[in-house]
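Novice: Structure incoming, see below.
The values are calculated or read from the model by the stated rules, or taken from the named source; none is laboratory data. Please read these numbers as outputs of a predicted model, since none were measured by experiment. Cβ placement follows ideal geometry from the backbone for every residue including glycine, while neighbour counts extend to all protein chains displayed.
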């Protein structure tokens, strides 16, 4: 399965440290907008297949290209490239987010403006997983899915977010509905202790799902149909017109 985008544009906004950064944004499809935050192996064929699945399901996809070569999935090479944007991502931070979080919030608001004020769904994966939850503090974001959240690396049971980030996200979830976090049950890269910490931090404002298996990337490299269906149903509910 391939993906055909109809739009590419550059988006510039400040990081939380004040430095401006610019990344290209690819967009395609028709319907309510969902922003996919790329994972570490890169935006390869599997991520493009996810975008196409969402298009086929009636959603428009926005795909920020933050690092790596578009269309390729190369763990070692893209990990090296990620090191080059380390002022944006810090995989080891405990108790606070990487600076890129502020840029993501600004992008979500920009997408909402482009879509005539429609809310935006967010999918984060692995490296970007937990950002999908904290982005629910942004008015423009209607729902967030954290697929196999993995940060911070070597963080034990600590989270890649502050207590203020959690409180603001929970306030957003209280207005809009719960966030969703999911993982393979025996995934060592997105460890069980991290999921338990998310459950403790977010309480009833977070739905969680764990699927049998030792693999990692539920929606891309190790695609799991039930996980995808859970995500699609989640966003259909978030975008459902009020009765």
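Novice: Looking at (1) in contact (Cβ under 8 Å) with a residue 60 or more places away in the chain; (2) under 20 Å from residue 187 (Cα atoms); (3) touching a strand residue (DSSP E or B) at 6+ places or on another chain (Cβ under 8 Å), find the lone condition where residue 149 falls short.
Specialist: Unmet condition: (1).
Novice: Which of the residues that make up the range 207-231 are buried (at least 16 other Cβ atoms within 10 Å of the Cβ), assigned to a helix (DSSP H, G or I) and free of Cβ contacts under 8 Å to residues at least 40 places away in the same chain?
Specialist: Residues satisfying the conditions do not exist here.
Novice: Additional query: With the structure loaded, tell me whether residue 119 is farther than 18 Å from residue 23 by Cβ, touching a strand residue (DSSP E or B) at 6+ places or on another chain (Cβ under 6 Å) and either surrounded by 16 or more Cβ atoms within 10 Å (Cβ to Cβ) or modelled with pLDDT of 95 or more (or both) or whether it fails that test. First the steps, then the outcome.
Specialist: Working: farther than 18 Å from residue 23 by Cβ: yes; touching a strand residue (DSSP E or B) at 6+ places or on another chain (Cβ under 6 Å): yes; either surrounded by 16 or more Cβ atoms within 10 Å (Cβ to Cβ) or modelled with pLDDT of 95 or more (or both): yes.
So residue 119 passes the test.
Novice: In addition: So, residue 159, is that one part of a loop (DSSP other than H, G, I, E, B), under 19 Å from the mean Cα position of the chain (by Cα), touching a residue at least 60 places away in the same chain (Cβ under 8 Å) and within 22 Å of residue 98 (Cβ to Cβ) or not? Talk me through it step by step, then tell me what you get.
Specialist: On the way: part of a loop (DSSP other than H, G, I, E, B): yes; under 19 Å from the mean Cα position of the chain (by Cα): yes; touching a residue at least 60 places away in the same chain (Cβ under 8 Å): yes; within 22 Å of residue 98 (Cβ to Cβ): yes.
When the stated conditions are applied, residue 159 passes them.
Novice: Within the range 175-206, track down each residue that is surrounded by 22 or more Cβ atoms within 10 Å (Cβ to Cβ), in a loop (DSSP other than H, G, I, E, B) and under 17 Å from the mean Cα position of the chain (by Cα).
Specialist: 190
Novice: Next up: Could you run through the range 1-30 and say how many residues are over 26 Å from residue 161 (Cβ atoms) and touching a residue at least 60 places away in the same chain (Cβ under 8 Å)? So that I can check it myself, show each step before the final result.
Specialist: Keep residues of the range 1-30 that are over 26 Å from residue 161 (Cβ atoms), which gives 1-10, 24, 26-30.
Narrowing the set further to residues that are touching a residue at least 60 places away in the same chain (Cβ under 8 Å) leaves none.
The number of residues fulfilling the criteria is 0.
Novice: Answer yes if at least one residue in the range 99-108 is touching a strand residue (DSSP E or B) at 6+ places or on another chain (Cβ under 6 Å), buried (at least 22 other Cβ atoms within 10 Å of the Cβ), under 23 Å from residue 237 (Cβ atoms) and free of Cβ contacts under 8 Å to residues at least 40 places away in the same chain, and no otherwise.
Specialist: The answer is no, given that none of the residues of the range 99-108 is touching a strand residue (DSSP E or B) at 6+ places or on another chain (Cβ under 6 Å), buried (at least 22 other Cβ atoms within 10 Å of the Cβ), under 23 Å from residue 237 (Cβ atoms) and free of Cβ contacts under 8 Å to residues at least 40 places away in the same chain.
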